[in-house]
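These notes are about the structure you will find just below.
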Amino acid sequence: MLDLFCYLGVRGTKGFVTGEHYWEITFLEPPCGMSVMVGVGTREAVISLDDYNFVDLIGCDKNSWGLSYKGNIWHKGQVTRYCEPFYEQNTIIGIHLNLYAGTITFYKDGKSLGIAFKNILTCDREFYPMICSTAANTELEVGVQTCCYTKLQEKCCHLLAQSVYKTDDIELLPLPNLFKQYINIIRRDS
């Protein structure tokens, strides 16, 4: 008989390439175990480890940025003390992903904890919400979710994405390829 023990993270299905995005995660139970984390990652971010590798998963590589309930932030396997630990039931952690400024800011129960990460932008990458836990009984709930697009260029791309009937028609538009790719991403995710 072979026992396989894995540590899994969850990555959202909607990626963000531009704009400001904010969402909240509520800890329905007091966090426990070696690691419970929230954060952001790209499609290339590690979301599973096996063979008893119970580590802080979000931020263990260059493709993710995470906050542990122990108050530490992680990126590229490097840890930095960021805030006081949060062990209380119903703690709400907000994540503000600002792709204009290239920053991630965390909030605890509605209060900003300050910018956690700067210079996160990488060309042509989508960023996704992520959560992970080593404790089997972890209960988390997604709460408030909002986004803001403030550049006229982005508003135009969203309008074009809504107006084009067929994906093939996007290629006919007299636009740079980067805009065509962005319009395709908007259409795919809506």
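Of note:
- Among 126-132, 151-157, 21-27, 162-168, sorting by the average number of other beta carbon atoms lying within 10 angstrom of each residue, highest first, gives 126-132, 21-27, 151-157, 162-168.
- Both radii come from the Cα set of segment 130-190: Rg as radius of gyration, Rh as Kirkwood radius; their ratio Rg/Rh reads 1.21.
- Relative contact order of the chain: 28 percent, from C-alpha pairs under 8 Å at least 6 residues apart in sequence.
- Hull volume in cubic angstrom per residue (convex hull over the Cα atoms of segment 100-161): 165 Å³
- Tilt relative to the chain, helix 152-163 - C-alpha long axis, 0 to 90 degrees, to 10: 80 degrees
- Reciprocal mean inverse distance between Cα atoms of segment 69-126 - Kirkwood radius, Å: 12.5 Å
- Euclidean distance of C-alpha centroids, segment 160-179 and segment 9-29, integer Å: 27 Å
- Fraction of C-alpha pairs exceeding 17 angstrom in segment 35-173: 64 percent, rounded to a whole number.
- From helices alone, the chain scores -4500 deg cm²/dmol at 222 nm; the rule is -39500 (n - 2.57) for each run of n ≥ 4 DSSP H residues, then divide by the residue total.
- Helix 177-189 vs. the chain, principal-axis angle (Cα, 0 to 90°, nearest 10): 60 degrees
- Summed side-chain charge close to G41 - residues other than G41 whose Cβ falls under 14 Å, Lys, Arg +1, Asp, Glu -1: +2
- Cross-link partners for K76 among the lysines, with Cα-Cα distance under 30 Å and sequence neighbours closer than 8 places in the same chain left out: K14, K62, K108, K111, K118.
Every number in this text was worked out from the coordinates using simple rules, so none of it is lab data. Predicted, not measured: the structure shown is a model, and the values here were computed from it. Cβ: placed from backbone, ideal geometry, glycine included. Neighbour counts: every protein chain shown.
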